[in-house]
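The values are calculated or read from the model by the stated rules, or taken from the named source; none is laboratory data. Computed from a predicted model, the values in this text were never measured in an experiment. Glycine also receives a Cβ, built like all others from the backbone with ideal geometry; neighbour counts cover every protein chain displayed. Quick note on the areas: whole protein, heavy atoms, side chains included, nothing else; ligands and nucleic acids left out. Shrake-Rupley method; radii C 1.70, N 1.55, O 1.52, S 1.80 Å.
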Amino acid sequence: MDKLKNKFAEQGIQKATEIREFIKANGDFVLGQYTLDSVYSGEKGMIGLITETSLLDAEEGIRFRGHSLPELKKKLPCLQGSEEPLPEGLFYLMLMDELPTYDDMYEVGSNWTKRAIVPNHVFDVIDAFPVNTHPMTQFSAAIMAMQTESEFAAAYRKGMNKKDYWDYTFEDSMNLIARLPRVAAYIYRKTYKNGVHIEPNPKLDWAANFAHMLGYGDNESFKEMMRMYMLIHADHEGGNVSAHATHLVGSALSDPYLSFSAAMNGLAGPLHGLANQEVIRWVLDLQAELGGGKPSKKQIEEYILKTIHDGKVIPGYGHAVLRKTDPRFTAQMEFAKKYMPNDELVNIVWDIYDIAPSVLGTISKIKNPWPNVDAHSGALLVHYGMNEYDFYTVMFGVSRSLGVLASLIWDRALGLPLERPKSVTVDWLKKTISAKKASV
Ligand code: HAX
């Protein structure tokens, strides 16, 4: 058994037992109330899930196992000569609920390196898609193609004890995380670089190896950007579409490949992860409409109002939970101030940040006028020459695997049940509400 799994078997399973006792002792505690509006608002604010890996505060933003992003920048280990903590360390923290030592982080990385070989038929599946297929469609299908490797599915077929669910979920999740950068890079090179592929470099860390396979390995600051990008996109508590989809599908005991592919189909929606490609398109459309160059703040304001007037959203702005600037936006802004302060597109993104919140703030129905993670990421990638916008969400997806799969391992360790909320009809609602009113 590998070191991390051994540790999880000792500490994680012990903690799962404690949590079960906690639930037993407090099962009748009332957490909240909800209304017809709550149900019709996409269940916003209704507590219906337990996710251990991270928690989102509307004002402050995300905390991973209690640590904010600025704190993690100081507390998670980095490689020598690098200032960006490795996602390997964040995965360890999310899974084990303890800050990793350098050795813990290194162990996770070498574990993934050993597991990183992608079966050939997965490449055949990707190659079978027409080259103009959206990269997220290829990514989701490639994950499904890898399901042939599921140890969970194979063990279930043989008849496994419920107590072992977490073990096989751990195996599948670790294998999947290890292989995703290779799969994603293969899709990128097939779609945009005439199918000229770059072999992995097992000496590199997970994010730097991804950068290398994409074709940006010679640029040290791109590798730093990739470490930062992979860290900040990893998790955003449990109710967002990709995290919830993983949990929901996993609750049917679908294996991690099936569950994570479902997550990627949700991430591919423009109100979720696809917003990162939409932001760049929106900014470039704005520039094109003005004949190129850097728009004035007045022109940005007019374009925002025109977009809303045309019945569209401003991509990269707003959030279902956050009510302030997303700290993941701020982390990227800080990175850009260090590495590319004079980049024109980055400066336009910053000008939009100066203008958009006050314009959106005047529209009463918009609950959060502040930028989210997707408002900035594309401009960083364009700076390095990565202009293939449709690929951006795949990068988000590679990162998102870290949080949602760590959570899935916990779901199985806790023995969480099938998720099955009750649904009703409008007729049922009308009858129930009028009966209630008549009785008072
Ligand atoms: N531009 C224009 N209108 C907006 C808006 C924006 N950025 N944000 C919200 N609104 C509108 C909504 O469309 C909604 O209008 P209708 O009542 O006419 O349908 C109204 O304001 C109320 O929405 P809300 O309660 O403030 O926001 P929701 O919780 O319903 O939705 C969204 C949150 C993120 C989907 C929303 O803010 C949005 O569409 N933003 C733009 C797309 C985007 O950036 N998505 C990425 C979000 C972060 C993420 O998941 N990344 O992966």
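Selection within segment 373-412: residues that are open to solvent by 20 Å² or more (accessible area, probe 1.4 Å) and outside any helix (DSSP H, G or I). The member of this set that is farthest from the ligand (Cβ to nearest atom) is G385. Any idea which residue in segment 421-440 is nearest to L49 (Cα to Cα), counting only those that are part of a helix (DSSP H, G or I) and touching a residue at least 12 places away in the same chain (Cβ under 8 Å)? Once the filter is applied, the top-ranked residue is L429. Residues considered: L305, L267. Of these, the only one that is within 30 Å of G415 (Cβ to Cβ), within 15 Å of the ligand (Cβ to nearest atom) and at pLDDT 95 or above is L267.
The one condition from (1) open to solvent by 30 Å² or more (accessible area, probe 1.4 Å); (2) among the polar types (S, T, N, Q); (3) under 19 Å from P200 (Cα atoms) that T137 does not meet is (3). Whether a residue is in contact with a Lys or Arg (Cβ under 9 Å, 6 or more places away or on another chain), aliphatic (A, V, I, L, M) and more than 14 Å from the ligand (Cβ to nearest atom) was assessed, and L253 passes this test.
The set of residues in segment 330-372 that are within 16 Å of the ligand (Cβ to nearest atom), surrounded by 14 or more Cβ atoms within 10 Å (Cβ to Cβ) and among the small types (G, A, S) comprises A331, A356.
Checked against (1) surrounded by fewer than 17 Cβ atoms within 10 Å (Cβ to Cβ); (2) not in a loop (DSSP other than H, G, I, E, B), I50 passes all but condition (2). Which members of segment 117-144 meet the condition of being under 13 Å from R182 (Cβ atoms) and of a type in the set (G, A, S)? A142 - this is the single residue of segment 117-144 that is under 13 Å from R182 (Cβ atoms) and of a type in the set (G, A, S).
Filtered by the rule that a residue be touching a Phe, Trp or Tyr at 6+ places or on another chain (Cβ under 6 Å) and over 21 Å from G318 (Cα atoms), segment 357-400 gives Y384, E388, F391, V394.
Looking across segment 207-244, the residues that are within 13 Å of the ligand (Cβ to nearest atom) and either open to solvent by 20 Å² or more (accessible area, probe 1.4 Å) or over 14 Å from the mean Cα position of the chain (by Cα) (or both) come down to E237, G239, N240, V241, H244. Of everything listed in (1) away from the ligand (no atom under 11 Å from the Cβ); (2) more than 30 Å from K73 (Cα to Cα); (3) over 16 Å from the mean Cα position of the chain (by Cα), the single unmet condition for W282 is (1). Considering segment 313-329, and only residues there that are out of contact with any strand residue (DSSP E or B) (no Cβ under 8 Å at 6 or more places or on another chain) and farther than 20 Å from P295 by Cα, the residue that is farthest from the ligand (Cβ to nearest atom) turns out to be R323. The one condition from (1) among the aliphatic types (A, V, I, L, M); (2) loosely packed, with under 13 Cβ neighbours inside 10 Å; (3) not in a loop (DSSP other than H, G, I, E, B) that V39 does not meet is (2).
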